[in-house]
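The structure appears below as structure tokens.
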Amino acid sequence: MTHARTVDELRSAFERGVTKPLAWRLAQVRALRRMLTERAAEFEDALLSDLAKNPTESQIAELGFVVGEIDHTLAHLRRWLRPKRVRVPGALLPARASTVLEPVGVVLVIAPWNYPVQLLLAPLVGALAAGNAVVLKPSELAPATSAAMARLIPQYLDARAVAVVEGGVEDTTDLLAQRWDHIFYTGNGRVGRIVAAAAVENLTPVTLELGGKSPVYVDDTVDIAAAAQRIAWGKFMNAGQTCVAPDYVLAERSIVPRLTEALREAVRDLYGDDPAQSPDYGRIVNDRQFERLAGMLGSGTAAVGGDHDAASRYLAPTVLTDVGPESPAMAEEIFGPILPILPVDGLDDAIRIIRAGDKPLALYVFTTSATTRRRILTETSSGAVGFNVPAAHLAVAGLPFGGVGESGAGAYHGERSLRTFSHEKAVLSKPLSPDTLRLIYPPYTEAKDRF
Ligand code: NAD
């Protein structure tokens, strides 16, 4: 099975200029918005089937998220596309310099299963706004959402320029063998390396939105109950299957017992006494992930939760204490509803542990200390930092979203998406007369040294 023909057809549409007019771009982005509102129920059903995602959460974190991204783009696209004037050095005057954004061509977007609407369509907004043709590859591990995309996208978007290719590793491998002008991949670092290696063949630029362990540091200056509420919300949303979810907590030794207790309260506030009965609490995506997570429960003592059921892939919101730094839960990204708490002795200790790991996608710090904030910003590196709030930075359209090092390369959202899917072309324009460059043409004289 090869998708070469699909890509050829899209390239031909791009070459014919189908995707370049601003009117086409705006119409496509508006049509995408219409699809998300008119067909919301179908997407919500698919997300319920794939991840037991509550429809309200689907609205907030998936459909509504993309609508927000669309509205922000529609409000600003004309301004973002305006050529930007650049100062010309005096010696080159008279002349005018500017940068203009041009679409790169045909773009491949590969999405994961955990936010299968948001992570497929938010990049699409930027790719269309930039005037590209796009192939969308939804994750086979969220099959109902993948099928909904394949069914609905062609009903709303211009099929000459936007195609959905469903399938697993075999299809993705074939797609990666085609020539692209940009590859935008969201998922894990192992496949990220496969994507980057395939892109090298054609010197194709890539954006890698990866994951990893996003730490939380809680010091002893904060309102512990309020911090626990936010941490529990960010962690247990989508049953912990969120790339920017808090992965583990580094807590000041003196507050560990109070924080553990506060997390127990927070879980009860969010999901009641028995989260298995809560319509707001999700399930683990598949058996393989469930078994991996169940195997992590032995990494410490379950101070909160710990109960699980393989048949329904239910894993309770769990807080682990007495977790060794070498345990399975600390060896890889958890990506599920298990939250280890490790005691630390002060900010230096926390910074040392954070720096010993890979550069995280996000780092969350709960503190009231301005000194701590400043030290975190200057002494650690991460895709993003959230002070007193996890995950929500990605809903600020003006902030670039992306990782650094092992957590990814490149960024998107808002104007950054447009730039990710565009080439910024440098333009210099100088009148032929007067020919001020005469001053530097050969034959060289001493006077020209001082130019
Ligand atoms: P996944 O298994 O759905 O894989 C993502 C995509 O890669 C799929 O479309 C899949 O078909 C494709 N793929 C899988 N194996 C492949 C192979 N051998 N060759 C080519 N393509 C292949 O999702 P996942 O990777 O399990 O997603 C979870 C990971 O993604 C976590 O590490 C998480 O932190 C990260 N993530 C990052 C972000 C972000 O925005 N930075 C968002 C969500 C998830």
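The values are calculated or read from the model by the stated rules, or taken from the named source; none is laboratory data. Being a predicted model, the structure only gives us computed values, none of them experimental. Quick reminder, even Gly has a Cβ in these numbers, built from the backbone with ideal geometry, and neighbours come from all protein chains shown. Surface areas here come from the heavy atoms of the whole protein model, side chains and all, with no ligands, DNA or RNA. Shrake-Rupley method; radii C 1.70, N 1.55, O 1.52, S 1.80 Å.
Please report Rg (one decimal) and Dmax (integer) in Å for the Cα set of the chain.
Calculated on Cα positions, Rg and Dmax stand at 24.8, 87 Å.
Starting at the first residue of segment 163-176, write each ³J(HN,Hα) from the Karplus equation 6.51 cos²θ - 1.76 cosθ + 1.60 with θ = phi - 60°, in whole Hz, x for Gly and Pro.
Rounded to whole hertz, the list is 10, 10, 10, 8, x, x, 4, 4, 5, 5, 4, 5, 4, 5.
Need one value: the accessible area of Val104 in square angstrom, 1.4 angstrom probe, rounded to the nearest 10.
40 Å²
Per-residue HN-Hα couplings for segment 269-286, Karplus 6.51 cos²θ - 1.76 cosθ + 1.60 at θ = phi - 60°, whole Hz, x for Gly and Pro?
With coefficients 6.51, -1.76 and 1.60, one gets 4, 7, 10, x, 5, 10, x, 4, 8, 7, x, 8, 9, x, 10, 6, 4, 7 Hz.
For the chain, what is the accessible area per residue in Å² when the probe is 1.4 Å?
On the way: 19630 Å² over 451 residues.
In whole numbers, the chain has 44 Å² accessible per residue.
Go through segment 148-156 residue by residue and turn each phi into a ³J(HN,Hα) via Karplus (6.51, -1.76, 1.60, θ = phi - 60°); whole Hz please, and just put x for glycine and proline.
Result, ordered by residue: 5, 4, 5, 7, 8, 4, x, 6, 10 Hz.
Would you mind checking which residues have amide H under 5 Å from Ala362's amide H? H placed 1.01 Å from N; only 5 or more apart, or other chain.
Residues meeting the amide H criterion: Gly383, Ala384.
Report for the chain the percent antiparallel among DSSP-assigned beta bridges with both residues inside it, nearest 5.
On the way: 19 of 53 bridges.
Among the beta bridges of the chain, antiparallel pairing accounts for roughly 35 percent.
Which angle from 0 to 90°, rounded to the nearest 10, does the C-alpha axis of helix 4-15 make with the longest principal axis of the chain?
Orientation of helix 4-15: about 50 degrees from the principal axis.
State to the nearest 20 debye the size of the charge dipole of the chain about its Cα centre, where the only charges are +1 on K and R beta carbons and -1 on D and E beta carbons. Walk me through the numbers on the way to the answer.
Values: 47 positive and 52 negative charges, 535 e Å.
About 2580 debye.
Just going by the charge dipole of segment 215-395, with Lys and Arg at +1 and Asp and Glu at -1 on Cβ, which of Ile255, Pro343, Gly240 is farthest out on the positive end?
Farthest along the dipole direction, towards plus: Gly240.
Within the chain, what whole-number % of the accessible surface is contributed by carbon and sulfur, with the 1.4 Å probe and all protein chains included in the calculation? Working shown, then result.
Values: 10620 of 19630 Å².
That fraction is 54 percent.
Taking the Cα-to-Cβ direction at Glu102 and at Tyr444 and moving 7 Å from each Cα, how far apart do the two end points lie in nm?
A separation of 3.3 nm, rounded to one decimal place.
Relative contact order for the chain using alpha-carbon pairs under 8 Å, separation at least 6, rounded to a whole percent? Don't skip to the answer; put the middle values down first.
On the way: 893 pairs, mean separation 83.9, N = 451.
Relative contact order for the chain comes out at 19 percent.
Given H placed on each backbone N at 1.01 Å, which residues far from Ser214 in sequence or on other chains put an amide H within less than 5 Å of it?
Asp247, Tyr248
Dipole size in debye (nearest 20) for segment 42-174 around its Cα centre, Lys and Arg Cβ +1, Asp and Glu Cβ -1? It would help to have the intermediate numbers written out before the result.
On the way: 11 positive and 15 negative charges, 276 e Å.
Taking the Cα centre of segment 42-174 as origin, the dipole is about 1320 debye.
Say the dipole of the chain comes from +1 at the beta carbon of Lys and Arg and -1 at that of Asp and Glu; which of Phe65, Ile284, Ala163 then lies farthest toward its positive end?
It is Ala163.
May I ask you to derive the relative contact order of segment 304-451, considering only C-alpha pairs under 8 Å and at least 6 residues apart, and to give it as an integer percent?
Details: 160 pairs, mean separation 19.4, N = 148.
Normalised by residue count, the contact order of segment 304-451 is 13 percent.
For the peptides 322-335, 242-255, 221-234, what is the packing order when you average, over each peptide's residues, the other Cβ atoms within 10 Å and list the highest mean first? It would help to have the intermediate numbers written out before the result.
Numbers: 322-335: 17.1, 242-255: 22.7, 221-234: 19.5.
My ranking of the peptides, most packed first, is 242-255, 221-234, 322-335.
Report the Stokes-Einstein translational diffusion coefficient (µm² s⁻¹, integer) for segment 215-395, Rh taken as the Kirkwood radius over Cα pairs, at 10 °C with viscosity 1.306 mPa s.
On the way: Rh = 16.2 Å.
For these conditions, the coefficient is 98 µm²/s.
Treat every Asp and Glu Cβ in segment 128-180 as -1 and every Lys and Arg Cβ as +1, leave all other atoms uncharged, and give the resulting dipole magnitude about the Cα centre to the nearest 20 debye.
Numbers: 4 positive and 6 negative charges, 45 e Å.
With Lys and Arg at +1 and Asp and Glu at -1, about 220 debye.
Enumerate the aspartates and glutamates that Lys425 could reach by cross-link, defined here as Cα to Cα under 14 Å, with residues fewer than 8 away along the same chain left out.
Answer for Lys425, where 14 Å is the Cα cut-off: Glu102, listed by chain and number.
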